[in-house]
Amino acid sequence: MKHLLALIFCVYFSRIGEDYYAISSTFQFSPGMTLLHSKDLVNWEICSNIIDDLTQISESLNWTRMDRYGRGVWAGTLRHHNGRFYLFFGTPDEGYFMTSAHPEGPWEPLTPLLAEAGWDDCTAMWDDNGKAYFVGTHFADGYKTYLFKMAEDGKSINQKSAVLINSGSG
């Protein structure tokens, strides 16, 4: 397993009770976004690949084209809410996507949230009243980070609700 972890570029963890879950950015590789499970943060098992084929995102990510090196699935966030996993991630050229599943799977088809290039590093959260929020960074516009209102099921964000929460330089 040590070798597997050496191949993972970006890992994001989520704890649910006694179980730990991690996802990995897989960039241009299919299958995409590997879900790992551990009881002790040392020994890991592969649960599934959340995105079976990156052409679900764009035909430009087909391995036969080989022109999207380092693109594809970038930093994602894994959340657990009301008994479901929610995965949110961005691609530098297509925008933000989400999918969800009960812990036993299967994962729903990808839902586009923001079909616009230049976004990455996202997260999602639900408050105590069940209201949902999405945070994303627009690297193409000076690394500005915005907070959006999101549908409770995570399947849409309200772009008109955007509030600038940070203006960075990268």
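Can you tell me which residue in segment 1-40 is modelled with the highest pLDDT, limited to those that are open to solvent by 20 Å² or more (accessible area, probe 1.4 Å) and in contact with an Asp or Glu (Cβ under 9 Å, 6 or more places away or on another chain)? Top of the filtered list is K39.
Restricted to segment 52-99, and to residues there that are under 10 Å from the mean Cα position of the chain (by Cα) and open to solvent by 20 Å² or more (accessible area, probe 1.4 Å), the residue that is nearest to Y133 (Cα to Cα) is R79. If you check N49, N43, which single one turns out to be surrounded by 15 or more Cβ atoms within 10 Å (Cβ to Cβ) and either at pLDDT 80 or above or assigned to a loop (DSSP other than H, G, I, E, B) (or both)? The unique qualifying residue is N49.
Remark: pairs (first residue in segment 105-122, at positive phi; second residue surrounded by fewer than 15 Cβ atoms within 10 Å (Cβ to Cβ) and at pLDDT below 95; Cβ separation under 8 Å; 6+ apart in sequence or on different chains) = G118/A140; G118/D141. Within segment 132-160, can you find the residues that are at pLDDT below 95 and of a type in the set (A, V, I, L, M, F, W, C)? Listed by number, the residues that qualify are F139, A140.
The values are calculated or read from the model by the stated rules, or taken from the named source; none is laboratory data. Since the structure is predicted, the reported quantities are computational estimates derived from the model, not experimental observations. Heads up, the Cβs are rebuilt from the backbone with ideal geometry, glycines too, and the neighbour counts pull from every protein chain shown. Only protein heavy atoms, including side chains, enter the accessible area calculation; ligands, DNA and RNA are left aside. Shrake-Rupley method; radii C 1.70, N 1.55, O 1.52, S 1.80 Å.
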